[in-house]
Amino acid sequence: MVYCSALDFKDINSQMDIEKLRAFCLSLQGVTEDVKWGHDLCFLIGGKMFCVTSLEGDPSISFKVPDADYDELSTSAGIIPAPYMARNKWVQVQSWDRLTEQEWESYVKQSYTIVKSKLTKKLQKEIEAL
């Protein structure tokens, strides 16, 4: 007989949503948020965006991915090259249920790390000192 706790079921069925995404992004060191273009919630590190989600209409969540992963990820079902940002290797996920909560956190953290690594060394040190 296998016993499962309520926590096990939460992990299996847990789905990302805008509140969880916001809490996760703001838990990363030095992150700020801003609403741009009237309806997009943007998460920034050192003034540079690493994740954007729509506050209106159908879900659309965009983030930067490594160059090596871009082609495969951007042609996956429910994921497209991010409008206006595809040339910078950003993808747009078109549904919260397209990824697990663990995958969301992994991709968003990866985007944060990529964008942070491109900041000046001085700014990176300032962020790390927070």
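The values are calculated or read from the model by the stated rules, or taken from the named source; none is laboratory data. What you are looking at is a predicted structure, and each value in this text was computed from that prediction instead of being measured. A quick note on method: Cβ atoms are made from the backbone with ideal geometry, for glycine too, and the neighbour counts reach across all protein chains shown.
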Practice task
Working only within region 27-70, note down all residues that are among the polar types (S, T, N, Q) and touching a strand residue (DSSP E or B) at 6+ places or on another chain (Cβ under 7 Å).
Solution key: T32, T53, S54, S60, S62
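For every residue, the table says whether it meets (1) modelled with pLDDT under 95; (2) within 11 Å of the chain's Cα centre (by Cα); (3) exposed (fewer than 13 other Cβ atoms within 10 Å of the Cβ).
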residue	(1), (2), (3)
P66	no, no, yes
Y70	no, no, no
I80	no, no, no
Y84	yes, no, yes
K89	no, no, no
Q92	no, yes, no
W104	no, yes, no
Y107	no, yes, no
Y112	no, yes, no
Completion exercise
Across (1) surrounded by 13 or more Cβ atoms within 10 Å (Cβ to Cβ); (2) under 13 Å from C25 (Cα atoms); (3) without any contact (Cβ under 8 Å) to a residue 60 or more places away in the chain, R98 clears everything bar (2)
Practice task
With the condition kept exactly as written, say whether any residue in region 38-45 is in a strand (DSSP E or B) and surrounded by fewer than 11 Cβ atoms within 10 Å (Cβ to Cβ).
Solution key: no
Exercise for the section: Name the residue, out of K122, K116, that is surrounded by fewer than 18 Cβ atoms within 10 Å (Cβ to Cβ), on the phi < 0 side of the Ramachandran plot and not in a loop (DSSP other than H, G, I, E, B). Expected result: K122
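Step by step: first the residues of region 5-29, then only those that are within 19 Å of S106 (Cα to Cα), assigned to a loop (DSSP other than H, G, I, E, B) and out of contact with any Asp or Glu (no Cβ under 8 Å at 6 or more places or on another chain), then the one that is modelled with the highest pLDDT. Which residue is that? Before the answer, list the steps.
Start the filter on region 5-29 by keeping residues that are within 19 Å of S106 (Cα to Cα), which leaves 10-29.
Imposing the further condition that a residue be assigned to a loop (DSSP other than H, G, I, E, B) reduces the set to 14-17, 28-29.
When the remaining residues are screened for being out of contact with any Asp or Glu (no Cβ under 8 Å at 6 or more places or on another chain), the result is 17, 28.
On the way: D17: 94, L28: 97.
Among them, the one singled out is L28.
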Exercise for the section: Of all residues in region 46-56, count the ones that are assigned to a strand (DSSP E or B), closer than 15 Å to K116 by Cα and of a type outside the set (A, V, I, L, M). Expected result: 3
Fill in the blank from the handout: Going through region 100-127 in order, the residues found to be among the charged types (D, E, K, R) and over 30 Å from Q15 (Cα atoms) are K118, K121, K122, K125, E126
